[in-house]
Amino acid sequence: MFIAAPQDSVETAKVYKASADTQGFVMNLTRAWAWRPEVFDSFGALRNQLTDQSTLSKRELAVLVCAAASELGDSYCCLAWGRTLAQEAGAAAAAAVIGNATNGGLTERDRALAAWARKVISNPNATIAPDIDELRKAGLSDREIFEATTFVAFRLAFSTINDALGVNPDRQLAEQVPAEVRAAVTFGRAATDA
């Protein structure tokens, strides 16, 4: 990354340990966020507040992130959430969302959410009421549409910070992702060690 990791402290040790405990290694992005562990924790808490009471499934959240991240050109989130989407829906579905394809066993809701995420990322001022109608036709409630939009905007902020600071995806993460998903990520930064 373009900035140095902060000096070791009690706070950085805590955030590094949490990353190692959940991922099996300290993620590269954790080294950047270690500058402000309390902000990193707040991001996680806000995400949980949004998703814990949402009726959007883990699969649907992964579709939103993969579509938004690929539209943004963010390889890190595509790999991380592509792994999740592959676990939830299969590698073909994850690769299809990342590659902006409609095949791969995607449901009508998957396709509608992916299209919406791309519109929100590419030009939110260009969205129109018929875009919302397409989401409703796919079975999404207005609350779910709000939650999906909020989640995409939240992920945009997170990705922007990581991407702007030059945080590369982790080699270990890339190795855990199905080959089909890795092949779909043809953009962004390359996976590296810290």
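Helix 108-122 and the longest principal axis of the Cα set of the chain meet at an angle near 60°. Each label point was placed 7 Å from the Cα along the Cα-to-Cβ direction; for residue 192 and residue 136 their separation is 4.9 nm. Of the labelled figures (1) 1.04; (2) 0.93; (3) 0.97, only one reflects Rg/Rh (Cα atoms, Kirkwood Rh) as derived from the coordinates, namely (3). Note on the chain: helix-only mean residue ellipticity at 222 nm, from DSSP H runs of 4+ residues weighted -39500 (n - 2.57) and normalised by residue number, equals -21500 deg cm²/dmol.
Straight-distance candidates among the lysines for linking to residue 137, with alpha-carbon spacing under 28 Å and chain neighbours fewer than 8 residues away dropped: 58, 119.
Computed from the coordinates by the stated procedures, all read-outs in this text should not be read as laboratory data. Computed from a predicted model, the values in this text were never measured in an experiment. In this analysis, Cβ positions are derived from the backbone assuming ideal geometry, glycine residues included, and neighbour counts consider all displayed protein chains.
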